[in-house]
Each structure stands twice: as structure tokens, then as C-alpha cells.
Amino acid sequence: MKPPMTYSKAGEQLTERFEGCRLQAYADTGGVWTIGYGHTHGVMEGMACTREQALAWLEQDTREAAAAVNRLVTVPLEQAEFDALVDFVFNLGVGAFARSTLLRDLNAGNLAAAAAQFPLWDHDAGRVLAGLLHRRLAEQMEFEGRTA
């Protein structure tokens, strides 16, 4: 059994960069109520939070994403690969990752095919979003060990 990996500072910075921090709840591009650094669980219209609460939710949410990556990925990972996957799971959700071709390719040992899957996840609510494609390309570069 492989030891669990933890999300690195570089990974956290990737998530923070793409999420940004908003202290007032807002409906994201898919209509999901969101607050802080992309936190969605239990968020309702009109909610507000402090920066400290936003950071606590971010740590909780990335810890859950990291646990999912550790549980679902069966092959050894480099830190950059793990970080890219945690950001991906944080943004997409565990269910989408668990059903993804990206995970199937990765667990089959086909890293190149897995990396090629990142840019395909650039839709929200049926629309291609430039910001989402930018994030997927940054995750792909991180996964491949290239600097963004």
C-alpha cells in the first residue's frame, strides 16, 4: 500500500490563483452558490465569511480532494502530478474524477493519455469557458512537471 500524499504549497497556490477569494456568496458560472476559495458545501445566497473562514474551508476542501486522489489513484505519483490532480478534483468533484477517462488512463499507467485529458474538461453548464480551459492547461502543465 502506498503512503498517502499531501497537497504541497505549490498546489495550494495553484488552487488559490484560479479560485480567488470572495467573501460574499455568489452563483458561479454553473449557478452553484460559492464562497471563499470555491467552497460550495452548504453555501446559500446572502452568506458572507471572513478571510480566516475562507482559508479554513479551503484547507478542508483540498484535504478532501487529496484524500480522494490518494484513494482513487492506484499508481505512484510525483508531487506535481498529485498537486495537479488535487486541484482538478477540488474544482470538478470526486464523482466526476472517479468516472473520468483521465483516471482510467492514469491507473492504466498511461500518463501521456491522462495528461491529454485535462483540456477536455473546459465546460460548465454546457459552455466552453476560457478561464476553465486556462485552469485545465495549468493543471496539465503541473501534471507534466512543466512550470506554468
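Note on residue 9 and residue 64: their simple-model spin labels are 2.7 nm apart, each label 7 Å out from Cα toward Cβ.
Largest first, the extents of the alpha carbon coordinates of the stretch 34-138 on the three principal axes equal 44, 29, 21 Å.
Between residue 2 and residue 41, the FRET efficiency from the beta-carbon distance, with R0 = 22 Å, is close to 0.20.
Taking θ as phi - 60° and the Karplus parameters 6.51, -1.76 and 1.60, the scalar couplings of the stretch 23-32 work out to 8, 10, 4, 9, 8, 6, 4, x, x, 8 Hz in sequence order, x denoting glycine and proline. Each label was represented as a point 7 Å from its Cα along the Cα-to-Cβ direction; for residue 53 and residue 96 these points are 2.6 nm apart. Close amide H partners of residue 33, meaning residues 5 or more places away or on another chain with modelled amide H under 5 Å apart, are 28.
Annotation: amide H-H contacts under 5 Å for residue 22 (H modelled 1.01 Å from N, sequence separation of 5 or more, or interchain): 36, 37, 38.
Over the stretch 1-124, what relative contact order in percent results from Cα pairs under 8 Å that are six or more residues apart?
22
Scalar couplings 3J(HN,Hα) for the stretch 82-87, obtained by applying the Karplus form with A = 6.51, B = -1.76, C = 1.60 to θ = phi - 60°, are 4, 4, 4, 5, 5, 4 Hz; x denotes Gly and Pro. Each residue of the stretch 91-100 was assigned a 3J(HN,Hα) from its phi angle through the Karplus expression (A = 6.51, B = -1.76, C = 1.60, θ = phi - 60°), giving 7, 8, x, 5, x, 4, 5, 4, 9, 7 Hz with x at Gly and Pro.
FYI, it's all coordinate maths here, none of it is from the lab. This one's a predicted model, so the numbers in the text were calculated from it and none came from an experiment. Here the Cβ is made from the backbone with ideal geometry for all residues, glycine too, and neighbour counts use every protein chain on show.
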